[in-house]
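Encoded as structure tokens, the structure appears first; notes follow it.
We did not get these values from a lab; they are worked out from the coordinates using the rules stated. Just so you know, these numbers come straight off a predicted model, no measurement behind them. Here the Cβ positions follow ideal geometry from the backbone for every residue, glycine too, while neighbour counts run over all protein chains shown.
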Amino acid sequence: MKKVFKLAALTSAFLLSSNVAMAEETIAYVNPNYLMQNHPLLTDPNSDFVKETKAQEAKLAEEDKKLAEEEKKLTEEAKKLQEEEKVLTASLQKKIEALEKEAPRMRSADIKKRQDALNAEGQAFQKKVDAFQKREEAFRQKVAQFQQTFANVQREFDEKRANIQKSIVGEMETIIQDTAKAKGFSLVIDSSAVIYTKNDANDLTQVVFDTIKKNTPKPAAK
């Protein structure tokens, strides 16, 4: 029984010391994702990253607009060709039927002449179709090239963003530590780990962010 009492006493002592330790900890929290994503180097309109991003976005938007206009024209042309095909098919069918009726009374040379004329009409339309299909194929290649360019630009800026974020991690950690010390906090955790807090004053995100903005040199407007 003495051993049981000793174990209970030790357990109680441990729980008590843990509660005291937790009580001694003054905990604050920050949102590192917000700090990273909204750093002035990534959001200031005059920063190199933002200016380059905007320039590329404008260029891609213009190319996308041109492709959309070209697609619209091709769609309209395709409809016209379909309508023309219907009219031509009906016209040729009538001419063929008329030739079949008149053929018994016609000379071979005249029949051939009429047949050649019918073939010429069909071939002329087919040339239109072939030319359209070539433009359509060229357009598809443009779209594929644009999509590849878009993906390359996106990947390039993702890499640049990641490199900038890597470069500011140390600065961000230092500012968080200095802010926490200045405000008397002994522990800072990620806000994503916070389920409940009754005191928003423990949220250092905005204070840290304001310090980051203050410490980041403002890029010159051009």
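Using just the Cα positions, wrap region 27-215 in a convex hull and report its mean projected area in square nanometres, one decimal place. Display every interim value, and only then the final one.
Working: hull surface 72.0 nm².
Over every viewing direction, the Cα hull of region 27-215 projects on average to 18.0 nm².
Tell me, what is the FRET efficiency for LYS54 and VAL87 to the nearest 0.05, using R0 = 41 angstrom and their Cβ-Cβ distance as r?
Details: r = 50 Å, r/R0 = 1.21.
Here the calculated transfer efficiency is 0.25.
Under 18 Å from the 7 Å Cα→Cβ point of LYS73, by amide nitrogen: which residues of region 113-142?
128-142
Specify the residue with the greatest mean-square fluctuation among LEU99, LEU41, LEU81, computed from a Gaussian network of the chain linking alpha-carbon atoms under 10 Å apart.
Taking springs between Cα atoms under 10 Å, the residue moving most is LEU99.
So which DSSP H runs in the chain come out at 27 Å plus along the axis (Cα) with average Kyte-Doolittle of at least 0.0? Display every interim value, and only then the final one.
Numbers: long enough: 2-24 (33 Å, 0.80); 48-102 (79 Å, -1.25); 108-182 (107 Å, -0.95).
Correct list, ordered by number: 2-24.
For LYS181, which lysines qualify as cross-link partners when the Cα separation must be under 22 Å and same-chain residues fewer than eight apart are set aside?
Excluding near neighbours in sequence, the set is LYS198, LYS213, LYS214.
What dipole magnitude, in Debye to the nearest 20, does region 27-215 give about its Cα centre under +1 on Lys/Arg Cβ and -1 on Asp/Glu Cβ?
Values: 33 positive and 34 negative charges, 194 e Å.
Around 940 debye, computed over region 27-215.
Given a Förster radius of 35 Å and the C-beta distance between PHE157 and LYS128 as r, what FRET efficiency does 1/(1 + (r/R0)^6) yield to the nearest 0.05?
Working: r = 43 Å, r/R0 = 1.23.
Calculated transfer efficiency: 0.20.
Going by average Cβ neighbours within 10 Å, how do the peptides 149-157, 195-203, 44-52 rank, with the highest at the top? Could the numbers behind the result be given before it?
Values: 149-157: 12.4, 195-203: 9.6, 44-52: 14.7.
Ranked from most to least packed, the peptides come out as 44-52, 149-157, 195-203.
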